[in-house]
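For reference, the structure is listed below as structure tokens.
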Amino acid sequence: MWQKSAEAFHAAEAKASLDKVVPIKPVPRMYVCMDGTGVPVVKKETAGRQGKGEDGKAKTREAKLGCVFTQTGFDRKGRPVRDDDSTSYAGAIETAEVFGRRIYQEAMRRGMDSAGEAVVIGDGAAWIWNIADEQFYGATQIVDFTLVIKALDRKGRIPGYEKGSRYIFQAISDKLEKAILNAEKLENFHKTSQTDNPSTKVYKLVQHLKSLKR
């Protein structure tokens, strides 16, 4: 009985959230930004889940977080500036599929369908770009470079990397062949996946530059 009551409650909540659309004037650009972070939980919440530690046991669950905001102005250098008090948030410990619907619902509540341009921002996590393709098809997609660099440094793939480093080629030269192979595999996969995100053709330039090396 209580299960049916809970389902009815959540259905009513979902409908109410759609009915309570925030009346805003159409804006030229609205953003959706997503990320995930590990949240410590009790043992029963990680039962049967693979962890990243040496013992293979999970100690956290990933909380998926998102925010929606608008941008109508620029600073003196012509860089976009987030509008004051325009940010609303959504988040939960749940699958990417469910969270995708949650953040989409929040974006629609905010009036994204009337915005001149929709923009999705995230790091390199595949689940983010899957949501971007499925829930925000046609939106401009921007990879947050600072988040990617932090991830590369944290995971030890390019320790101490800084944008514009003069010695980056030497630092990653031993990883080039594997990176090129992965890029080729991804490109072949996208021939039948009906999407090219995420993917890159930069590897072709790298191959050409390598052929010129004496």
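Values computed for the structure shown
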read-out	value
By average C-beta atoms within 10 angstrom, highest first, the peptides 185-191, 93-99	93-99, 185-191
Order of Tyr104, Tyr89, Tyr137 - criterion: other Cβ atoms within 10 Å of each residue's Cβ, fewest first	Tyr137, Tyr89, Tyr104
Environment charge at Ala183 (Cβ cut-off 9 Å; Lys +1, Arg +1, Asp -1, Glu -1)	+1
Estimated distance in nm for a label pair at His190 and Leu176, the labels positioned 7 Å out from Cα along Cα-to-Cβ	2.2 nm
Cβ-defined net charge surrounding Met30, 13 Å radius [Lys, Arg +1; Asp, Glu -1]	+1
Estimated FRET transfer efficiency when R0 is 30 angstrom, pair Asp85-Lys150 (beta carbons, to 0.05)	0.60
Residues Glu184, Glu106, sorted so that the one with the fewest Cβ neighbours within 10 Å comes first	Glu184, Glu106
Relative packing of peptides 25-32, 169-176, 129-136 - highest average C-beta neighbours within 10 Å first	129-136, 25-32, 169-176
Gain in span if fully extended, Val202 to Ala92, counting 0.36 nm per residue against the direct Cα distance	36.1 nm
20 Å Cα-Cα threshold exceeded, pairs from Lys178/Lys204; Lys64/Lys175; Lys77/Lys150	Lys64/Lys175; Lys77/Lys150
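Only the coordinates and a few stated rules stand behind these numbers; no lab work does. Quick caveat, the model's predicted, so the values are computed rather than measured. When we count neighbours, we look across all protein chains shown, and the Cβ atoms used for this are built from the backbone with ideal geometry, even at glycine.
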